[in-house]
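We did not get these values from a lab; they are worked out from the coordinates using the rules stated. What you are looking at is a predicted structure, and each value in this text was computed from that prediction instead of being measured. Methodologically, a virtual Cβ is constructed for each residue, glycine included, from the backbone with ideal geometry; neighbour enumeration extends over all protein chains shown.
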């Protein structure tokens, strides 16, 4: 059983009807719903300290939760930060630098730290990041609204984070001042950009029927939308936008596709909606990559006019 | 630098005016404020798996956050649960039993699980528990409202959790069916009761000027109130209520006092207010233990008509 199956089970067992989207949606006041999302990042599982800097890690810890709020069409408002930290890191400047990076991004988006907790751990760093956001009442974009015939879009080029991960595994280290074009790919992995402004604009357009952020890769994240919406999907290989430099790292089209489809962590938004509406809205930098179908639960990949089933791939904790 | 000093520093550095009470207080709607609290529990730091059961741990993970909401005079409404879990625990029934214990307590108080995260960890279990609650607008009981002349109260007998911790350290293990009266002390440590109903009743009374939950022990928690309220305090040793059996475990009055003053984790509420108002309200099971003074920042202990300064003690992560 992987973590997605486990969550499905407890959702059923305890009737957790608010679990299952990027954020929980709770009524706030007459005109606003509250969005809440939480993400745990564990050293040597989700990040490695020798690959990043405290500042970049602080930014990423916040960015992954900002991305969840954006994926509901909402705007972030406040945050909680719980940190479990080993003695050795506590005694240095690590945490000061981590909070500097965190606040640099938080301030840019007007997000306020309202609480948290600090605990010691036996050896590994653990971060739990929670963000609260707001969205007009009833306007949160769920995973469950996709309809057959809707087009499928992403908000930016893909595969960069997975290519960056491969480079890190191969020993390349991030250096902001280096002119090496591969640094852009490391940055995609180490300090991803959440679509904080674009998410609410897409939600406000009323043309978006479902949305999710690409944390696990298209193959898994689109499957989440298809399951929640009771539909299927077909993706056209030729329409997937790739991050520059990805091909040279991947070495083959198949490897490049694997980065985009199963790599995850690009934190672009994946959304659906009627093409005729969306094309009128003149969004820059949205890419149509496929279409929602009636073949319930099946995601297909179209390549050279042939279709094959795309199984959910990407990282699983278990 | 310990964790309290660190939090004071970042609070100042980043102007975090909503950090510093048991919960953050955020405006919800015209009549209600939202309370939010988060607590991280780390294996072998905050709990040991061979001392407890998955069910009891699930209950404690929720109870510590329920207690924070109660300490603001609020009622819990929803919760998030992030869990970092090692492979070995994942493959067994641990998590099912943990969620059973968690939900048993959550259902008792009408608290709904709305989200969370699951991650793998290299070896230790980590739990981050977040609870959202509600309180009438402006009615949250802060740490900052104590005034010289107020009486100081606790909501129940103390020292039980610390005595239970000593017994666990000495090798005694919890067995619900055993008639050993010491099991009551182990239960105080392993499955503490949050004052979920009493907290809001105290808040609603309008007679309470400040409140905190006893997670660190009187010496530290009362010092938090004194610092926030710009006052001092004196506690009378003879008025402190002790959990039954604590004396026989402690072995001396000083050791027993140390359990109550520095032991922590009793999760009773410590609050202040004018005695003349509170005595009219006929609260059962509240114990007057001292008085707020004008000696700013100083907590004193009165014993045999002599006063001595009581320094903040109890567990520090760093």
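Quick notes on this structure:
- Debye equation applied to the C-alpha atoms of segment A:194-258, log10 I(q)/I(0) at 0.11, 0.12 Å⁻¹: -0.36, -0.43
- Label-point spacing for residue A:27 across the identical copies (point 7 Å from Cα in the Cβ direction), in nm and ascending order: 2.0.
- Taking A:36, A:118, A:85 in turn, the Gaussian network model of chain A (Cα-Cα springs below 10 Å) assigns the largest fluctuation to A:118.
- Extension gain, residue A:107-residue A:237: 0.36 nm per intervening residue step, less the Cα-Cα distance, totals 43.0 nm.
- If you wrap segment B:95-141 in the convex hull of its Cα atoms and look at it from every side, the mean projected area works out to 5.0 nm².
- Label point 7 Å beyond Cα of residue A:197 along Cβ direction - residues of segment A:91-132 with amide nitrogen under 15 Å: A:108-110
- Cα shape, segment B:121-206, gyration tensor, a/c 1.5 rule: prolate
- Label point at residue A:1 placed 7 Å out along Cα→Cβ; residues across segment A:288-318 whose backbone nitrogen lies under 18 Å: A:316-318
- Computed extension length for residue A:137-residue A:170: 7.2 nm, one decimal, from 0.36 nm per residue of separation with the Cα-Cα distance subtracted.
- In whole percents, the pair-distance distribution calculated for segment A:21-84 from its alpha-carbon pairs, binned every 10 Å from zero, is 19, 46, 25, 8, 2.
- Neighbouring partner chain Cβ atoms per residue of B:123-133, average, 10 Å criterion: 5
- Across the identical copies, the label point of residue B:308 (7 Å from Cα in the Cβ direction) is separated from its matches by 7.9 nm, in order from shortest.
- For the residues A:154, A:196, A:253, a GNM of chain A with alpha-carbon springs under 10 Å puts the largest fluctuation on A:253.
- In terms of Cα atoms, the Rg and Dmax of chain B work out to 19.2, 59 Å.
- When chain A is treated as a GNM with alpha-carbon contacts under 10 Å, the residue of A:35, A:165, A:49 showing the greatest mean-square fluctuation is A:49.
- Placing a label point 7 Å from the Cα of residue B:179 along the Cα-to-Cβ direction, the residues of segment B:230-268 with a backbone N closer than 19 Å are B:245.
- The calculated Kirkwood hydrodynamic radius for segment A:3-136 is 15.8 Å, given to one decimal from all distinct C-alpha pairs.
- Taking the convex hull of Cα positions in the protein assembly as shown, its mean projected area over all directions (nm²): 29.2
- Rg over Rh, two decimals, segment B:278-318 (C-alpha only, Kirkwood Rh): 1.09
- The stretch between residue B:287 and residue B:306 holds 4.7 nm of extra length on full extension. This uses 0.36 nm per residue minus the Cα-Cα distance.
- Rh by Kirkwood over Cα pairs, then Stokes-Einstein D for segment A:71-181 at 1.002 mPa s and 20 °C, µm²/s: 119
- With the gyration tensor restricted to C-alpha atoms of segment B:151-309, the semi-axes of the equivalent ellipsoid amount to 27, 19, 13 Å, longest first.
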